Amino acid sequence: MSLAESIGDSAIERQMETLGRQARAAARALAQASTAAKNAALTAAAKAIRDDAPAILAANARDMAAARDLSNAMVDRLKLDEKRIDAMAKGLDEIAALPDPVGDVIARWTQPNGLVINRVRVPLGVIGIIYESRPNVTADAGALCLKSGNAAILRGGSESFHSSTAIHAALVKGLTVAGLPAAAIQLMPTRDRAAVGALLRAEGLVDIIVPRGGKSLIERVQREARVPVIAHLDGNCHVYVDGKADLAMAREIVANAKLRRTGVCGAAETLLVDRACAATHLKALVEDLLAKGCEVRGDAPTQAVDARVKPATAADWDTEYLDAIIAVKVVDGVGAAIEHIERHGSHHTEAIVTDDAAVAERFLGEIDSAILLHNASTQFADGGEFGMGAEIGISTGRLHARGPVGVEQLTTYKYVVRGAGQVRP
């Protein structure tokens, strides 16, 4: 039974079925494509993005002109300029330079009966990617899927429709130059919200869904998807400043973690300060944030250091602001910090600032988050910063992939067994 027949014959379902069948055929071709062909496509696509920068900027201007009801964080994610376009192209070049995971022999052993068993990395197949606002995800996601031998069906947000369409056209140029199927990277050519539901229900056509967006989108995907999902709910990230933290380092890390880009999922949303250093560290940390235009919502000790600090409510400890707002709390040592993070965090990214190696190891060992940092900003929660070229998103789940989802995480494996006539007794 076709998708349209199983969920209702409509133009959207018929379109989804067409895209899915084209992607399935392209996935078979990509699984056998050489590393040289995939890299040639990525390099050509990077050149096309640079060459097409004026058209991409014009498309983005159309999207920006219509972005009246978006939050500041969403507008920041939507906006493109020459620097961001060059970064997109550079990201494709970096992905091309990565080792090809497909065909990698992860493990190899010989059984007593002489059978030689290989665990070999292979593509997942067809990946559906649903994302909001950020048009650069079109390039990142398409490139990562291509490098890992997967076909991609992209469903960008309606607010970035024109930008994503222009970027997708550059990716198709790269595929064409390399002689790979144009259907290897497809963009759903509609803003209709029903397209998201059709993609989520595309059993047999799509092997896995990767959503990248706000909490409401992720929750909808996890609730409605009939295919496996790699996702994170939100990025309620923490920085804990320990009693043995160097103040100058702490000030620099906290300001960067919160304010470098407030709209990214690795932005710090809560600052925890050890009571042991509150007298020397808290006021300086809070005043730095306030001076840089950040709203601070704090507990009673935090309010006491500056009259501009607003009282924190219970909801603040659970909020991903994605804005220049931070919640600040004084805690009784690393144990209390760990307890707070485990209770209120989203298992995304947490950082500790301390010169005490034992305290750092306890923090890194006891907290169950996808990314943990010692004496570094949470804004490093990014596949590119991990040397992965780029990433589709940060997975906070525990199955298949965790942390930045890059080319390796977009593969699975199979067993290839070689014998010499063995039969099982």
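The values are calculated or read from the model by the stated rules, or taken from the named source; none is laboratory data. What you see is a predicted model; the values in this text were computed from it and never measured. Backbone-built Cβ (ideal geometry, glycine too); neighbour counts: all protein chains shown.
Annotations for the structure displayed:
Residue-wise test of (1) surrounded by 19 or more Cβ atoms within 10 Å (Cβ to Cβ); (2) in contact (Cβ under 8 Å) with a residue 12 or more places away in the chain; (3) closer than 30 Å to ARG212 by Cβ; (4) touching a Gly at 6+ places or on another chain (Cβ under 9 Å).
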residue	(1), (2), (3), (4)
LEU272	yes, yes, yes, no
ARG275	no, yes, no, yes
LYS283	no, yes, no, no
VAL305	yes, yes, no, yes
ARG308	no, yes, no, no
ALA315	no, no, yes, no
ALA360	yes, yes, no, no
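- From ARG119, ARG134, residue being touching a Phe, Trp or Tyr at 6+ places or on another chain (Cβ under 6 Å), on the phi < 0 side of the Ramachandran plot, assigned by TED's automatic domain parsing to the domain that holds ASP207 and outside any helix (DSSP H, G or I): ARG119
- Qualifying residue in the stretch 105-112 (condition: in contact (Cβ under 8 Å) with a residue 40 or more places away in the chain, of a type in the set (A, V, I, L, M) and within 17 Å of GLY263 (Cα to Cα)): no
- Considering each residue of the stretch 375-386 in turn, none proves to be aromatic (Phe, Trp, Tyr), within 30 Å of ASN113 (Cβ to Cβ) and at pLDDT 95 or above.
- The stretch 240-253 residues that are of a type in the set (Lys, Arg), paired with ones that are assigned to a helix (DSSP H, G or I) (beta carbon under 8 Å, 6 or more apart): LYS244/CYS277; LYS244/VAL359; ARG251/ALA284; ARG251/LEU285; ARG251/ASP288
- Some residue of the stretch 86-93 being under 29 Å from ALA37 (Cβ atoms), of a type in the set (Asp, Glu) and assigned to a helix (DSSP H, G or I): yes
- Test: residue in the stretch 285-298 that is among the basic types (Lys, Arg), over 17 Å from ASN236 (Cβ atoms) and either touching a Lys or Arg at 6+ places or on another chain (Cβ under 8 Å) or assigned to a helix (DSSP H, G or I) (or both): no
- The residues of the stretch 365-380 that are closer than 13 Å to GLY235 by Cα, assigned to a loop (DSSP other than H, G, I, E, B) and of a type in the set (S, T, N, Q) amount to a single one, SER369.
- Some residue of the stretch 148-162 being part of a helix (DSSP H, G or I), within 15 Å of ALA89 (Cβ to Cβ) and touching a residue at least 60 places away in the same chain (Cβ under 8 Å): no
- Yes/no for VAL221 being over 26 Å from ARG362 (Cα atoms) and assigned to a helix (DSSP H, G or I): yes
- Top-ranked residue of the stretch 176-190 - restricted to ones that are surrounded by 15 or more Cβ atoms within 10 Å (Cβ to Cβ) and over 16 Å from VAL206 (Cα atoms), ranked as modelled with the lowest pLDDT: THR190
- Residues of the stretch 222-234 that turn out to be modelled with pLDDT of 90 or more and touching a strand residue (DSSP E or B) at 6+ places or on another chain (Cβ under 7 Å), as a count: 5
- Matching option when the condition is of a type in the set (Gly, Ala, Ser), crowded, with 24+ Cβ neighbours inside 10 Å, under 28 Å from ALA55 (Cβ atoms) and modelled with pLDDT under 95, among GLY156, GLY128: GLY156
Per-residue answers, yes or no, for (1) part of a strand (DSSP E or B); (2) free of Cβ contacts under 8 Å to residues at least 40 places away in the same chain; (3) over 28 Å from ASP246 (Cα atoms):
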| site | (1), (2), (3) |
| --- | --- |
| VAL334 | no, no, no |
| ILE352 | yes, no, no |
| PHE363 | no, no, no |
| ASP382 | no, no, no |
| ALA390 | no, no, yes |
| HIS400 | no, no, yes |
| LYS414 | yes, no, yes |
| VAL417 | yes, no, yes |
| VAL423 | no, yes, yes |
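- Residue match in the stretch 159-167 (condition: under 30 Å from ALA73 (Cβ atoms), of a type in the set (A, V, I, L, M) and modelled with pLDDT of 95 or more): yes
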